[in-house]
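One structure follows; several queries about it will come next.
Since every read-out is calculated from the coordinates, none of them should be taken as a lab result. Remember, predicted model here, so these are calculated numbers, not experimental data. Quick reminder, even Gly has a Cβ in these numbers, built from the backbone with ideal geometry, and neighbours come from all protein chains shown.
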Amino acid sequence: MLKAVSSAIALAASKTGSRVYAQETKDDGYEAWALLSDTHIAADPELKARGVNMAGHLRQAVQEVLQAHESRVYSGLMINGDCAYLEGDAADYTTLGKLIKPISEKGIPMHLTLGNHDERTHIQAGLAAVFNASTMADGRAGAKEIPNLEGKLASKIRGRFCDWYLLDSLDVTNKTPGRLGEKQIAWLDASLQSAPERPALVMVHHNPQPAGMGKVLGLIDTDALLSLLKERRQVKALFFGHTHVAATLEVEGLHLVNLPACAYHFNASQPTGWTSALVDPTGCSLRLFDTGKAHSLHGTEVRLNWRSS
C-alpha cells in the first residue's frame, strides 16, 4: 500500500508583464523548482480559514507557476506538507488534485510530502479520483528512489545539480509535533553516504526545534537530524514549513530555509505564496512570490552559496 501511495505522491503530470517574471528567462546553467508549503486544502474549495480562501491562494500559485514555466522550464513542483486542511480527509485530496492538475497537464512533475494535517491512508484515494494510474506513476522528474520504510513516505529525487531528499515528518494527524523516526534517519544517512559527491537538499514539513527550547511544536527528533546534516557536508540546505513564516538562516554553513505558507499566515507581518528555487552547481537562488504582491519580500532574491564538501 505504501508503495502505491508513494506513486500517487510522485505525480507527473503568457507572461504576466511583471518585472519579476521578466527576469525568469531560460538559462541552461540552472534547474528551476517551484516550492510550496502548507496549502491546507479542504474538500470545499470555498472554505475560508483565518479569513483566507485556501483554494483561491493555491489556484493563484498554480497559475503563476504555469506563467513562469513559459519562460523557464520547471523541473518539478513540490508541496511540503499540510497539503490538506485539518485531518487529511480523502475529499480534501480530491480537491487538491483538481487544483494542481493544470501543473500535471503541462508535464511538470509534482511531489508531495506529509505534514501533521495529512493522513497517509486517505491521500491515495483522494488523488486517484483525479489522476489515473498511469499519470500517478509517472516519474518524469528524473530518477526517483522510494525506500521501503514502514509507516513513512520518503523519497529521493535526482535533479540535474543535486539530489532532493523528501522526508515524512507526519507523526499523529492533527497533532502539532512531527517525528522522522530512527529508520528514516538511518535511510537518509546511508543514502547520503552512498553518494558523497552529490550536493543534497533535504525537505521536511516540520521546523527544526532543538531540545531545550520549550514545548515541542516542531520536529521532535531535530537534534538527530541536524547532527547528521551538519556532518554530511554534501547536504547544503534544509527546507521546511509548518510555521507559516518566510525566513533563511545559516548554521555551520548549512542553510535553513523556512518556506512561507501558501494558504494563510499566523502573523500579519508574514507573506503567503510560493517560492522559485533556481539550483546551479554552486548554490541556489530563491525568489518569493507573495499572494498579494504587496509584501516587502515579494520578488526579492536570496542567494544561498553552497558550503564546501
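Report the extension gain between Phe266 and Glu182 in nm, rounded to one decimal, defined as 0.36 nm multiplied by the number of residues separating them, less their alpha carbon distance.
27.1 nm
Also, quick follow-up: Tell me, in nm to one decimal, what length is gained between Thr282 and Asn305 on full extension, where the rule is 0.36 nm per residue of separation less the Cα-Cα distance?
Full extension from Thr282 to Asn305 adds 7.7 nm.
Also, I was wondering about something else. Determine, for Ser191, Ser308, the number of other Cβ atoms within 10 Å of each Cβ, and report the residues in order from fewest to most.
On the way: Ser191 18, Ser308 6.
Ordered by Cβ neighbours within 10 Å, fewest first: Ser308, Ser191.
Have a look at the DSSP beta bridges in segment 168-292 and tell me what percent are antiparallel, nearest 5.
Values: 13 of 23 bridges.
Restricted to segment 168-292, the bridges split so that about 55 percent are antiparallel.
Okay, next question. Between Leu47 and Leu228, what length in nm is gained on full extension when 0.36 nm per residue of separation is reduced by their alpha carbon distance?
Details: separation 181, 0.36 × 181 = 65.16 nm, distance 4.05 nm.
Gain in length upon complete extension: 61.1 nm.
Going by how many other beta carbons lie within 10 Å of each one, how would you line up Met54, Met213, fewest first?
Working: Met54 28, Met213 11.
So the ranking, lowest neighbour count to highest, is Met213, Met54.
Can you spot the aspartates and glutamates whose alpha carbon is less than 19 Å from Lys144's alpha carbon? Ignore those fewer than 8 places along the same chain.
Here the aspartates and glutamates satisfying the reach criterion relative to Lys144 are Glu31, Asp163, Asp168, Asp189, Glu197.
On to the next question. Could you order peptides 73-86, 153-166 by the average number of other Cβ atoms within 10 Å of their residues, highest first?
Numbers: 73-86: 25.1, 153-166: 21.0.
Packing order, densest peptide first, comes out as 73-86, 153-166.
For the residues Trp33, Trp274, what sequence is obtained by ranking on other C-beta atoms within 10 Å, fewest first? Each step should come with its number before you reach the end.
Details: Trp33 25, Trp274 29.
With the sparsest Cβ surroundings first, the list reads Trp33, Trp274.
Of Lys101/Lys156; Lys106/Lys156; Lys156/Lys230; Lys106/Lys175; Lys101/Lys230, which ones are farther than 29 Å apart at the Cα?
On the way: Lys101/Lys156 23 Å; Lys106/Lys156 23 Å; Lys156/Lys230 19 Å; Lys106/Lys175 35 Å; Lys101/Lys230 37 Å.
Cα-Cα > 29 Å for Lys106/Lys175; Lys101/Lys230; rest within.
Would you work out the relative contact order for segment 156-309, in percent, from Cα pairs under 8 angstrom that are 6 or more residues apart?
Result for segment 156-309 is 16 percent.
Can you give the % of DSSP beta bridges in the chain that are antiparallel, to the nearest 5?
Taking every DSSP beta bridge with both residues in the chain, the antiparallel ones total about 55 percent.
Here is a follow-up. Between Ala190 and Val251, take the C-beta separation as r, use R0 = 30 Å, and let me know the FRET efficiency to the nearest 0.05.
After rounding to 0.05, the efficiency reads 0.80.
Okay, next question. Which FRET efficiency value, to the nearest 0.05, do you get for Ala125 and Gln67 by plugging their Cβ-Cβ distance into 1/(1 + (r/R0)^6) with R0 = 35 Å?
For Ala125 and Gln67, the calculated efficiency is 0.65.
Students often forget the sequence filter, so: which aspartates and glutamates lie under 18 Å Cα-Cα from Lys293 once same-chain residues fewer than 8 apart are removed?
Glu24, Glu64, Glu301
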